[in-house]
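Peer 1: Quick one: the structure is below, and I'll ask about it shortly.
The values are calculated or read from the model by the stated rules, or taken from the named source; none is laboratory data. A quick note: this is a predicted structure, and the numbers were derived from the prediction, not measured. Positions of Cβ are generated from backbone atoms using ideal geometry, with glycine treated the same way; all protein chains shown enter the neighbour counts.
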Amino acid sequence: MGDLLNAFAVAGKSALGFQAVFFALLAIGLNVHFGYTGLLNFGQIAFAMLGGFGIAISVSQWGLNFWVGVLVGIVATVVLALLLGLPTLRLRADYLAIATIATAEGLRLLFRSVSASEVTGGTRGLSAFNGDFVSLAPWDTGQRYSVLGTRWSGGELWVALVGWLLVALLCLLVWLLMRSPWGRVLKAIREDEDAVRALGKNVYLYKMQSLVLGGVIGGLGGMVYVIGTGAANPDQFQNANTFLAYAVLILGGAARVLGPVVGAIILLFVIQFADTGLRALINNGVIPEGLLSATDVAQIRFVLVGLGLMLLLVFRPQGIFGDRREVMLDAR
Amino acid sequence: MPAENTPTGATAASLHKGAAPAGRAPQRLAQAALRDIPWEVGVAKPDPAIVVENVTRTFGGLTAVSVDHLEVQRGGITGLIGPNGAGKTTLFNLLTGFDQPNTGTWAFDGKSLGKLAPHRVARLGVVRTFQLTKALSRLTVLENMLLGAQGQRGESFLRALVPGIWRSQEKANTAKAMDLLRRFKLDAKKDEFAGTLSGGQRKLLEMARALMSDPKVVMLDEPMAGVNPALTQSLLGHVKDLREEGMTVIFVEHDMDVVRDISDWVVVMAAGRVIAEGPPESISQNQAVVDAYLGAHHDAPLTVEEEDRVLAQAEAAIAQEEHGGGEVLGTDGTTGRTER
């Protein structure tokens, strides 16, 4: 019983920590792209990496101010969105998908390559760039605090707090935008581009705005992540994270403002709970060592997540917040 | 353009009509204006809204559209008919910027539309509907309608963030949309997803949505296709109303009764060319049109001599195939190439 409570507490910490903020921000960006505009961005992690490395390189390598680094990261994501969008957004949706997935993988390999290591730190990455930010915390970041049954360092708490504030602000932004006529045009583009063109809207411009907005939000996610871990390493930005972010989005419900946030909290909770819970069960001998060893847990928890997603899609295809009528329209 | 020098009373009359009290019998001014026009391909109209000049569009070796000269009378309903594959929809796509021609120019109200993007054409007042109805399924009927309104302040990214800037305009647009929805008897459905509407209702919605932009020219691609007869009558009424409001209507249709009923002028296309134009009653007598629809040669049975000739050709081909391999390969190659 104690182990179970402990697993709850650990999972709760994970669900509220900066990793959850990271996935929530990735998914909010994807929600703008995919949920509202129908753009298939399979390389959201590239935006996150540019955001994170924007800070890391600016501060550690170029010795710039932390906030200038934030600005550099945002500019880098905007440039990436424009570069990806210019050639592909006039074409069918598939081409953006191809371009983004290739870019995400290519950029990561470029950042970790030996030739880039003078700037990006190569496979070792960069560190010691978040001091300016952590020192802003109103409490002593060196101390540990007990929150909801687990221990948090002051720094962790500060990053998570600012991260969730950022999530709240961006949710507000998305909500404001999507209830406006601008958001209506985006949703219409998701349904049928040509119909929107025939009504006198510049579809290309709207898709570009959407790509930039979602990309910048993803970039902010990357910033939260590197500040949280205190280090930026290209291999943290595997493209699998993009698909986890999609899982977050589907879980919470696409085209819903709070869908990605709730999705991220639940996904992180489930993964961590499965991890801690299974380890506890193995240690206690409830699950025999021959069936499942502690080293397999890391993999098996994703199997459980996959299983859960499958069940969700069967029984609640619209996600937690989605509108079932909307999803059912596709089946007609 | 010869028509520019001869403005008749039609322009002035159609302008006045907008102000005239409703409820009078429809005047069909365009029909009157077109009465004395010769029934010739490429004939000049008294007051053309759209003028097409030497437009061609080819897809590989196939010439989908090749129109030398075509004028569309303002304020009238012009029916565009022709057998399947005649290039009607391609011509629509070219006129609305959805496709670019290989050669040629066309103008709307004297402004050249060449190389304009679709949304720019729409902003000039030329809106279209689609053969396969494009209702925006996961938007409500009212949202569909509001999307049609032009010049919305709230459609710019930054201004969208300040509702005060666009709220009053949105209110006005909503009132206008509700008026149109009532006219098209869709007002009860305003909060339903457009995807839940029936096929005919979607056609109505698409037409109503196009009207939200106060168009000057409405291009309807098969507005009656797949619509039940009761709804067809109401759709026809709506199309006639557009003419009463002074809009120019161009529509593609296969149902000849419909075409005869509402068009002031009919343009017949076949194999990418305009083969005939004239008032609806002229069309069924036109030999070129009959040939295009029913075929000029294949309606008569083969004569005995023809049969013999075909048989002889076939036998010769078989005989050739049975002799010398290299020869045969050569022939196969050539036939293959010509077919492609």
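Peer 1: Being touching a helix residue (DSSP H, G or I) at 6+ places or on another chain (Cβ under 6 Å), over 23 Å from residue A:132 (Cα atoms) and in a helix (DSSP H, G or I): is that true of residue A:23 here?
Peer 2: So residue A:23 passes the test.
Peer 1: Right, here's the next one. Return the residue satisfying two criteria in turn: it lies in region B:147-161 and is within 8 Å of chain A (Cβ to nearest Cβ) and buried (at least 18 other Cβ atoms within 10 Å of the Cβ), and of such residues it is nearest to residue A:176 (Cα to Cα).
Peer 2: Among those that are within 8 Å of chain A (Cβ to nearest Cβ) and buried (at least 18 other Cβ atoms within 10 Å of the Cβ), it is B:160.
Peer 1: Considering only residues that are in contact (Cβ under 8 Å) with a residue 60 or more places away in the chain and among the aliphatic types (A, V, I, L, M), look in region B:217-232 and name the one that is nearest to residue B:95 (Cα to Cα).
Peer 2: Among them, the one singled out is B:219.
Peer 1: Give region B:29-42 a look and list any residue that's in a helix (DSSP H, G or I) and surrounded by fewer than 17 Cβ atoms within 10 Å (Cβ to Cβ), or say none.
Peer 2: Once the filter is applied, which keeps residues that are in a helix (DSSP H, G or I) and surrounded by fewer than 17 Cβ atoms within 10 Å (Cβ to Cβ), region B:29-42 yields only B:32.
Peer 1: Where residues in region A:165-217 are touching a Ser or Thr at 6+ places or on another chain (Cβ under 7 Å) and more than 11 Å from chain B (Cβ to nearest Cβ), which of them is nearest to residue B:147 (Cα to Cα)?
Peer 2: Ranking the candidates gives A:207 first.
Peer 1: So, of the residues in region B:94-139 that are among the polar types (S, T, N, Q) and out of contact with any helix residue (DSSP H, G or I) (no Cβ under 7 Å at 6 or more places or on another chain), which turns out to be farthest from the other protein chains (Cβ to nearest Cβ)?
Peer 2: Filtering first and then ranking leaves B:103.
Peer 1: Identify, please: which residue in region B:169-223 is in a loop (DSSP other than H, G, I, E, B) and within 12 Å of chain A (Cβ to nearest Cβ) and is, among those, surrounded by the fewest Cβ atoms within 10 Å (Cβ to Cβ)?
Peer 2: Step one: filter region B:169-223 for residues in a loop (DSSP other than H, G, I, E, B), giving B:184-186, B:190-192, B:197-198, B:212-216, B:222-223.
From what is left, the residues that are within 12 Å of chain A (Cβ to nearest Cβ) are B:191-192, B:197-198, B:212-215.
Working: B:191: 9, B:192: 15, B:197: 20, B:198: 12, B:212: 20, B:213: 21, B:214: 14, B:215: 22.
So the residue we want is B:191.
Peer 1: So, one more: Quick check on residue A:226: is it more than 26 Å from residue A:7 (Cβ to Cβ), among the β-branched types (Val, Ile, Thr) and either within 14 Å of another protein chain (Cβ to nearest Cβ) or touching a Ser or Thr at 6+ places or on another chain (Cβ under 6 Å) (or both)?
Peer 2: No.
Peer 1: Another one. List the number of the failed condition for residue B:45; all other conditions in (1) assigned to a loop (DSSP other than H, G, I, E, B); (2) over 17 Å from residue B:250 (Cα atoms) hold.
Peer 2: (2)
Peer 1: Another question, if that's okay. Kindly provide the set of residues from region B:35-69 that are aliphatic (A, V, I, L, M) and at pLDDT 85 or above, ordered by number.
Peer 2: Those that are aliphatic (A, V, I, L, M) and at pLDDT 85 or above: B:49, B:50, B:51, B:52, B:55, B:62, B:64, B:65, B:67.
Peer 1: Restricting the search to region B:259-278, which residues are in a helix (DSSP H, G or I) and touching a residue at least 60 places away in the same chain (Cβ under 8 Å)?
Peer 2: Answer for region B:259-278, where residues must be in a helix (DSSP H, G or I) and touching a residue at least 60 places away in the same chain (Cβ under 8 Å): B:259, B:262.
Peer 1: Here's another thing I want to ask about it. Return the residue satisfying two criteria in turn: it lies in region A:1-54 and is under 24 Å from residue A:206 (Cβ atoms) and of a type in the set (Gly, Ala, Ser), and of such residues it is nearest to the chain's Cα centre (by Cα).
Peer 2: Per the criteria, the residue is A:27.
Peer 1: Any idea which residue in region B:107-146 is nearest to the chain's Cα centre (by Cα), counting only those that are in a strand (DSSP E or B) and surrounded by fewer than 21 Cβ atoms within 10 Å (Cβ to Cβ)?
Peer 2: B:107
Peer 1: Mind telling me which of the residues B:250, B:283 ends up being surrounded by 11 or more Cβ atoms within 10 Å (Cβ to Cβ), within 16 Å of the chain's Cα centre (by Cα), hydrophobic (A, V, I, L, M, F, W, C) and under 23 Å from residue B:55 (Cβ atoms)?
Peer 2: Matching residue, one of B:250, B:283: B:250.
Peer 1: Kindly check whether there is at least one residue in region B:60-82 that is free of Cβ contacts under 8 Å to residues at least 24 places away in the same chain and in a strand (DSSP E or B).
Peer 2: There is at least one residue in region B:60-82 that is free of Cβ contacts under 8 Å to residues at least 24 places away in the same chain and in a strand (DSSP E or B).
Peer 1: Residue B:164 versus (1) more than 9 Å from every other protein chain (Cβ to nearest Cβ); (2) assigned to a helix (DSSP H, G or I); (3) crowded, with 17+ Cβ neighbours inside 10 Å; (4) small (Gly, Ala, Ser): which is the lone unmet condition?
Peer 2: Unmet for residue B:164, out of (1) more than 9 Å from every other protein chain (Cβ to nearest Cβ); (2) assigned to a helix (DSSP H, G or I); (3) crowded, with 17+ Cβ neighbours inside 10 Å; (4) small (Gly, Ala, Ser): (3).
Peer 1: Restricting to region A:204-242, give me the number of residues that are crowded, with 21+ Cβ neighbours inside 10 Å and over 20 Å from the mean Cα position of the chain (by Cα).
Peer 2: 2
Peer 1: Does region A:129-147 hold any residues that are more than 25 Å from residue A:222 (Cβ to Cβ) and touching a Ser or Thr at 6+ places or on another chain (Cβ under 9 Å), and which are they?
Peer 2: Within region A:129-147, A:142, A:143, A:144, A:145 qualify.
Peer 1: Okay, moving on. Return yes or no: is residue A:245 touching a helix residue (DSSP H, G or I) at 6+ places or on another chain (Cβ under 9 Å), closer than 30 Å to residue B:218 by Cα and part of a helix (DSSP H, G or I)?
Peer 2: When the stated conditions are applied, residue A:245 does not pass them.
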